[in-house]
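Read through the structure below, which is laid out as structure tokens, and then see the notes.
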Amino acid sequence: MAILKLHGGKQATCTRRVATVLHELQVPFELIEVDVANGAHKSPEYLKIQPFGQIPYIDDDGFLLYETRAICRYIAAKYPKYGLIPTEPKANALFEQAASVELTNFDPSASKAGLQLWIRKMGYPFPTDDKIIADNLETLEKKLDAYEAILSKQRYLAGETITLADIFHLPYGVFVTYAGSESDSVMNRASRPNVARWYKELISRPSWLAYLDGVTTTTAY
């Protein structure tokens, strides 16, 4: 069987999320870098595969798939022994609830603030906006108060075992800590000890640490 090909950017946020899940599941993959800087993702050939002109997409032995969360769900379903998507009906319902929480309550503000903070940290020559950052971090603070209530009762968002719903919080959960001191960032508030505990667990996982310097082809674990 051909090795899975991940078409994306070495430093791109969504490529990093997919690579983290691939590493978590010990799936070998080859990174095929898309030259976004020169518009390769908007070329006619690329748009035939990804009509929105976005990265990443995967080619799994001829099966093409785009959208980050869909890719991660596909990989987790293909390798079910790792349990990143629970199959027991009640556990699966709790997973879906947690995944919905991430998508609707975390990602909207975390991605807006996080992307701007990441652009600044990387030194990219793109404009950023202090108000966008401040407004979205303020919203995120309130959302994380609800996370604290959930995580005070259980280790992870869907229960006592890690699932994709937790991993989906990377990389934006890290990027929002670039505002001010990381030790007192939105993810590390003393007033939210369970969020801080959960966040530290996520960023300590080998799957996250593997690509701190960017995603690379990984054929062995």
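Any read-out appearing in this document is the output of simple, stated calculations on the displayed coordinates, not a laboratory observation. What you are looking at is a predicted structure, and each value in this text was computed from that prediction instead of being measured. Ideal geometry is used to build each Cβ from the backbone, glycine not excepted, and the neighbour counts take in all protein chains shown.
If you model the chain as an ellipsoid using its alpha carbon gyration tensor, with each semi-axis the square root of five times an eigenvalue, the axes come out at 27, 23, 15 Å, biggest first.
Helical content alone sets the calculated 222 nm signal of the chain at -14000 deg cm²/dmol, taking -39,500 (n - 2.57) per DSSP H segment of four or more residues and averaging over every residue.
Its Cα centre serving as origin, the chain has a Cβ charge dipole (Lys and Arg +1, Asp and Glu -1) of approximately 240 debye. Working note: Karplus 6.51/-1.76/1.60 with θ = phi - 60° gives segment 104-113 the couplings 9, 10, 9, 4, x, 7, 5, 5, 5, 6 Hz, where Gly and Pro are set to x.
Rg to Rh for segment 176-221: what is it, with Cα atoms only and Rh by Kirkwood? Working shown, then result.
Working: Rg = 13.4 Å, Rh = 12.1 Å.
That ratio is 1.10, to two decimals.
To one decimal place, what orientation-averaged projected area in nm² is obtained for the convex hull of the Cα set of segment 139-221?
Details: hull surface 24.4 nm².
The number I arrive at for segment 139-221 is 6.1 nm².
Pairs of Cα atoms in segment 1-106 fall into 10 Å distance bins, from 0 up to the last occupied one, in shares of 14, 43, 31, 11, 1 percent. Straight Cα distances below 27 angstrom link LYS81 to the lysines LYS5, LYS90, LYS153, LYS200, with same-chain residues fewer than 8 positions distant left out. Length gained on full extension, ASP130 to LYS81, computed as 0.36 nm times the residue gap minus the Cα-Cα distance: 13.2 nm.
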